[in-house]
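Values in this text are rule-based calculations from the coordinates and carry no lab data. Quick caveat, the model's predicted, so the values are computed rather than measured. Cβ placement follows ideal geometry from the backbone for every residue including glycine, while neighbour counts extend to all protein chains displayed.
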Amino acid sequence: MEIDAAPSLASGSALVAGGGTLRLNYSSAPSLGTGVSATVAGGAMLELAGSAPQLGQSVNVANSGTLLDSSGANQYVGAVTGPATRWSMAAAI
């Protein structure tokens, strides 16, 4: 699934990649309330692909899958926790 328009996420909401790939690919920063979080399930991928920051430093990520920055832009997230705590960066082609 791909999201191409910057979302408006209310305070306390959660972005969940539960299976397959959730690709964030928007050109402007999202509107984020306080306490927004993201979860990447085992076997799932959250891909940050847009030309603007797709999340923000206030968004903590519980990562059991793959967190991929394929954008070439500066991407920011809060704390990354879970068994798969590393970022993957796609090589420039």
Checklist outcome for this item: Which residues qualify? For GLU47, with a placed amide H closer than 5 Å and at least 5 residues away or on another chain, they are LEU22, ARG23, LEU24, LEU68
Checklist entry - Residue by residue, what Karplus-based ³J(HN,Hα) values in Hz, rounded to whole numbers, does segment 58-69 have, using 6.51, -1.76 and 1.60 with θ = phi - 60° and x for Gly and Pro? => result 8, 9, 7, 10, 8, 10, 10, x, 10, 10, 10, 9
Item to check | Residues with amide H under 5 Å from that of GLY82, placed H, sequence gap 5 or more | outcome: ASN63
Next on the checklist: Please list, ordered by chain and number, the residues whose modelled amide H lies under 5 Å from the amide H of VAL16; skip anything fewer than 5 residues away on the same chain.
Outcome noted: THR39
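For a protection proxy built on the mean count of beta-carbon atoms within 10 angstrom, sort 67-76, 39-48 highest first, please. Mind dumping the intermediate values first?
Working: 67-76: 16.5, 39-48: 18.7.
Taking the mean over residues of other Cβ atoms within 10 Å, the ranking is 39-48, 67-76.
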Next on the checklist: Please list 3J(HN,Hα) in residue order for segment 12-18, calculated via the Karplus relation 6.51 cos²θ - 1.76 cosθ + 1.60 where θ = phi - 60°; whole Hz, with x for glycine and proline.
Outcome noted: x, 7, 10, 9, 10, 9, x
Checklist entry - Hey, what did the chain get for relative contact order, percent, Cα under 8 Å, at least 6 apart? => result 24
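Could you tell me how many cubic angstrom of Cα convex hull volume segment 2-81 has per residue?
70
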Checklist entry - Spin-label point model (7 Å from Cα, Cβ direction): what's the THR21 to SER8 distance in nm? => result 3.0
